[in-house]
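Inspection log for the structure reproduced underneath, given as structure tokens.
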Amino acid sequence: MAKIKGTIVVDSERCKGCGVCVASCPCDVLALSSEVNGKGYPVVRMARPDACTGCASCGVICPDSCITVYRQKFE
Amino acid sequence: MAEVEIKAENRVYAKPRLMLDNTMHYCPGCSHGTVHKLIAEVIDELGLADRTIGISPVGCSVFAYNYIDIDWMEAAHGRALAVATAAKRLNPDRMVFTYQGDGDLSAIGTAESIHAAARGENVVAIYINNAIYGMTGGQMAPTTLLGMKTATTPYGRDPRLNGYPYKIAEMMAHLDGATYITRQSVHKPANVRKCKAAIKKAFQHAMDGQGFSLVEVVSTCNSGWKLSPVAANEWLEQHMLPYYPLGDIKDVKLDPTR
């Protein structure tokens with residue numbers, strides 16, 4: 001069966017760790033990392049990458065445009 | 001299963017082309033960033049990148065010109081729609097929009113805003129309503145909800161002392177010159193997508209010479225509200241949306257032979 005998978009790339013230095021994407025993810029993929037960026041903000045990361053469908057909800061809501069979403073179909 | 005390949009043909013969402021790489025000065029989770037992004041996307045999709053003039057206000061979004069790669073002008077506090085009127089009348093082929101907060105458009109700039117709408121200027125006002133003066137430290141705005149605590153109403157807004165909040169979108173809807181008035185929000189991905197459609201419609205409306213459009217975006221000010229970004233989005237849904245309901249308030253077409 002074909003399956004659609006997604007992944008995100010976060011521009012860590014732009015991310016302010018607001019967590020709005022974490023709350024918006026319908027598949028509960030994202031979490032704030034314990035690591036911080038140059039400004040001291042915790043950066044968002046994929047805690048459960050296998051659950052990502054590439055719906056782009058996180059990218060759409062991100063106020064700082066730091067999430068790029070990729071999606072691929074596997075046969 | 002194989003991993004998703006990071007390549008252009010698999011990319012479904014990225015930072016809009018017109019957004020500059022400057023890191024925004026807004027607080028983490030501020031709605032301003034999301035609305036900026038929508039404007040950048042809409043301008044790019046309509047092919048208006050080299051024909052758009054934005055008017056930035058006084059308020060947190062005073063530096064909007066640092067983030068979207070179009071032509072900008074900076075207006076005196078509240079006077080963005082007066083400046084937009086001049087810009088549009090002198091350059092009728094340009095897309096002219098203002099980006100204003102509630103302190104700018106509906107407090108100090110009420111007169112300019114109401115009269116620009118009444119004259120039916122072919123411009124768009126993007127109106128960010130977060131019910132507070134964010135930049136100056138969270139004081140009460142005209143749009144502050146009853147009972148809402150701010151720096152100047154520490155016990156909550158009391159109508160006997162501070163009066164009642166008002167809805168400038170509904171007020172403008174009574175004016176014949178205003179033809180598209182809508183209220184949106186950006187607190188959830190679905191609302192962000194609807195807000196983008198509304199901004200696009202307003203921009204097309206202005207380019208078609210259909211009169212004045214107002215897109216009110218009910219927004220959060222998590223620093224001013226003293227909440228986390230996620231809690232601010234929930235507070236918005238529970239308290240702001242019952243008083244400022246979402247949806248189109250007015251959508252009429254002008255007679256082209258007028």
Exercise. Across the residues of A:48-56, average count of Cβ atoms on other protein chains within 10 Å?
Worked result: 2
Exercise. How many nm separate the modelled label positions at B:ALA151 and B:ARG119, each set 7 Å beyond the Cα in the direction of the Cβ?
Worked result: 3.3 nm
Problem set entry | Distribution of pairwise C-alpha distances over chain B, 5 Å bins, in % | 1, 6, 14, 18, 20, 17, 11, 6, 4, 2, 1, 0, 0
Problem set entry | Inter-label distance for B:ARG193 and B:GLU5, nm, one decimal - labels placed 7 Å from Cα along Cα-to-Cβ | 2.7 nm
Problem set entry | Centroid-to-centroid separation of the stretch B:137-200 and the stretch B:61-136 [C-alpha atoms, Å] | 16 Å
For this session: For chain A, just list the percent of Cα-Cα distances falling in each 10 Å bin from zero outward, please.
Result: 22, 53, 21, 4, 0
Problem set entry | Those residues of the stretch B:176-219 whose amide nitrogen sits under 13 Å from the label point placed on B:GLU237, 7 Å along Cα→Cβ | B:186-192
Exercise. So what's the net charge close to A:ALA56: Lys and Arg +1, Asp and Glu -1, counting the other residues with Cβ under 11 Å from its Cβ?
Worked result: +3
Exercise. Given the protein assembly as shown reduced to its alpha-carbon atoms as identical point scatterers, what log10 I(q)/I(0) does the Debye formula return at q = 0.08 Å⁻¹?
Worked result: -0.38
Exercise. Roughly how crowded by other chains is peptide B:106-116, in terms of the mean Cβ count from those chains within 10 Å of each of its Cβ atoms?
Worked result: 0
Problem set entry | For the stretch B:146-258, alpha-carbon Rg and Dmax in angstrom | 16.6, 55
For this session: Counting helices only, and only those DSSP H runs with n ≥ 4, report the 222 nm mean residue ellipticity of the protein assembly as shown as the sum of -39,500 (n - 2.57) divided by its residues, in deg cm²/dmol to the nearest 500.
Result: -7000 deg cm²/dmol
For this session: Give the peptides A:17-25, B:122-130, B:43-51, B:65-73 in descending order of average Cβ contacts within 10 Å, highest first.
Result: B:122-130, A:17-25, B:65-73, B:43-51
Exercise. What does the average come to when, for each residue of peptide B:36-42, you count the partner chain Cβ atoms lying within 10 Å of its Cβ?
Worked result: 2
For this session: Would you mind computing, in nm to one decimal, how far apart the modelled labels at A:LYS3 and B:ALA76 are, each placed 7 Å from Cα along Cα→Cβ?
Result: 6.4 nm
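Read-outs throughout are calculated quantities, based only on the coordinates presented, and are distinct from any laboratory measurement. Quick caveat, the model's predicted, so the values are computed rather than measured. For neighbour counting, all protein chains shown are included, and Cβ atoms are generated from backbone atoms with ideal geometry for every residue, glycine included.
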